[in-house]
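Engineer: Dropping a structure here in structure tokens format, bear with me for questions.
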Amino acid sequence: MIVTPEILAVRSARWANTNLCWGLVPTMGFLHEGHLSLVRRAQAENDRVGVSIFVNPTQFAPNEDLDSYPRSLDRDLELLGSEGVDLVFTPVPSTMYPEDFQTSVAVEQLSLPLEGASRPTHFQGVATVVAKLFNIFQPNRAYFGQKDAQQAVVIRQMATDLNFQLEVVICPIVREADGLAMSSRNVNLKPEQRQAATVLFRALRAAADRFDQGERSGDRLREFMRRTVGAEPLARLDYASVADPLSLVELDLIGDQALLSLAVFFDTVRLIDNMIVEVPITAGSKTRSRPQRGD
Ligand code: AMP
């Protein structure tokens, strides 16, 4: 496994054999099974796999958790080594953002709601660093998690708009046994907060059950999730959303599909989670090509 903080070393490894297909998995490290599921999917679909580990400062606002974001490079490298990853890129911030850096990528509409409303500079940071990683690695495919549902649609849009010649692959959410979506930030929860944090999954699951029983009102499902989170004393709701999975526009009435999503604070730790609900495809109806639940 090649481990390097240098862009040139990534390029020479990537182009050593031009016939090989490369998959890229961008991460911020402190790896867990969610990240590793992306790595395994990338390995199944490509000849070689590269992983980047970079806690990207430009996607954190000054009041956010850049300093307390968990890091453990040695453990991450051990995990990636045992997964058989080919190349790990571990740049320092000055490599990605030299002093005279002045370009950024903004995916305008899709960056505004949900996470973007709470974190107005976040997706510009994400889109910019991902565009740089795409240019550095020039992968055939790049792997992202549905855990960050809005990030997935923002990156897809960026890849299309900027004509990146690669496939963006979105992988299902990996959860703990009690339903909590795996996240590097979970380690910052105190034990009682960790228990309370299952409220995200519980609220999404219960709202999805209501949808399955025929509820189609966006307002009622939003209100239901708000009340479920409100009943958990250690949780403070940031937002509860029922939106179109592709445009991210809030829905009054759900048609085929909706993206249910939540952001919840436990003191200073902010967690997000989501679930796609959909009307079952009945015999004779057309096949849908939109995202499926769990994707
Ligand atoms: P991060 O290190 O948090 O930036 O995540 C790197 C990639 O892993 C992103 O594409 C995330 O969406 C994805 N990811 C994080 N957590 C999970 C999870 N629990 N299940 C699936 N993918 C995940």
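Engineer: For region 108-143, which positions are in a loop (DSSP other than H, G, I, E, B), within 16 Å of the chain's Cα centre (by Cα) and either surrounded by 23 or more Cβ atoms within 10 Å (Cβ to Cβ) or of a type in the set (A, V, I, L, M, F, W, C) (or both)?
Structural biologist: Passing the criteria: LEU110, SER111, LEU114.
Engineer: Could you tell me which of the residues THR18, THR4 is more than 10 Å from the ligand (Cβ to nearest atom) and closer than 20 Å to VAL129 by Cα?
Structural biologist: When all the criteria are applied, what remains is THR4.
Engineer: Condition check: of a type in the set (Ser, Thr, Tyr) and touching a residue at least 60 places away in the same chain (Cβ under 8 Å). Does THR27 satisfy that?
Structural biologist: The answer is no for THR27.
Engineer: I would also like to ask the following. Restricting to region 193-215, what's the tally of residues that are touching a residue at least 24 places away in the same chain (Cβ under 8 Å), touching a strand residue (DSSP E or B) at 6+ places or on another chain (Cβ under 9 Å) and within 19 Å of ARG270 (Cα to Cα)?
Structural biologist: Going residue by residue through region 193-215, those that are touching a residue at least 24 places away in the same chain (Cβ under 8 Å) are 193, 196-197, 199-205, 207-208, 211-212.
Still in the list and also touching a strand residue (DSSP E or B) at 6+ places or on another chain (Cβ under 9 Å): 193, 196-197, 199-201, 203-205, 207-208, 211-212.
Imposing the further condition that a residue be within 19 Å of ARG270 (Cα to Cα) reduces the set to 193, 196-197, 199-201, 203-204.
Within region 193-215, residues that are touching a residue at least 24 places away in the same chain (Cβ under 8 Å), touching a strand residue (DSSP E or B) at 6+ places or on another chain (Cβ under 9 Å) and within 19 Å of ARG270 (Cα to Cα) number 8.
Engineer: Right, another one. Would you point out the residue of region 86-107, among those that are of a type in the set (A, V, I, L, M, F, W, C) and under 22 Å from ALA152 (Cβ atoms), that is most open to solvent (accessible area, probe 1.4 Å)?
Structural biologist: Among residues in region 86-107 that are of a type in the set (A, V, I, L, M, F, W, C) and under 22 Å from ALA152 (Cβ atoms), the one most open to solvent (accessible area, probe 1.4 Å) is ALA106.
Engineer: Among the residues of region 17-30, which ones are among the hydrophobic types (A, V, I, L, M, F, W, C) and open to solvent by 20 Å² or more (accessible area, probe 1.4 Å)? First the steps, then the outcome.
Structural biologist: Just the residues of region 17-30 that are among the hydrophobic types (A, V, I, L, M, F, W, C), to begin with: 20-22, 24-25, 28, 30.
Hits for region 17-30 are LEU20, CYS21, MET28, PHE30.
Engineer: Okay, moving on. Could you tell me whether GLN146 is buried (at least 19 other Cβ atoms within 10 Å of the Cβ) and either of a type in the set (Val, Ile, Thr) or within 9 Å of the ligand (Cβ to nearest atom) (or both)?
Structural biologist: yes
Engineer: Hey, another quick one. Run ILE170 past the list (1) more than 12 Å from the ligand (Cβ to nearest atom); (2) part of a strand (DSSP E or B) and report the number of the one that doesn't hold.
Structural biologist: Of everything listed in (1) more than 12 Å from the ligand (Cβ to nearest atom); (2) part of a strand (DSSP E or B), ILE170 misses just condition (1).
Engineer: May I pose another question? Has region 31-50 got at least one residue that is crowded, with 18+ Cβ neighbours inside 10 Å, closer than 30 Å to LEU246 by Cβ and charged (D, E, K, R)?
Structural biologist: Yes: region 31-50 contains one or more residues that are crowded, with 18+ Cβ neighbours inside 10 Å, closer than 30 Å to LEU246 by Cβ and charged (D, E, K, R).
Engineer: Taking into account only those residues within region 149-163 that are under 26 Å from LEU20 (Cβ atoms) and open to solvent by 40 Å² or more (accessible area, probe 1.4 Å), which is farthest from the ligand (Cβ to nearest atom)?
Structural biologist: Within region 149-163, the match that is farthest from the ligand (Cβ to nearest atom) is ASN163.
Engineer: Let me ask another. Filter region 1-14 down to the residues that are open to solvent by 40 Å² or more (accessible area, probe 1.4 Å) and without any contact (Cβ under 8 Å) to a residue 60 or more places away in the chain and list them by number.
Structural biologist: Correct list: LEU8, SER12.
Engineer: Taking region 149-162 only, how many residues are in contact with a helix residue (DSSP H, G or I) (Cβ under 8 Å, 6 or more places away or on another chain) and either in a helix (DSSP H, G or I) or farther than 27 Å from VAL49 by Cα (or both)?
Structural biologist: Total satisfying the criteria: 7.
Engineer: State which residue is nearest to VAL92 (Cα to Cα) when the search covers only region 24-55 and only residues that are within 8 Å of the ligand (Cβ to nearest atom) and of a type in the set (S, T, N, Q).
Structural biologist: The qualifying residue nearest to VAL92 (Cα to Cα) is THR27.
The values are calculated or read from the model by the stated rules, or taken from the named source; none is laboratory data. No experiment lies behind these values; they were computed from the predicted model shown. Cβ: placed from backbone, ideal geometry, glycine included. Neighbour counts: every protein chain shown. Accessible surface is based on the protein model in full, side chains and every heavy atom, while ligands, DNA and RNA are left aside. Shrake-Rupley method; radii C 1.70, N 1.55, O 1.52, S 1.80 Å.
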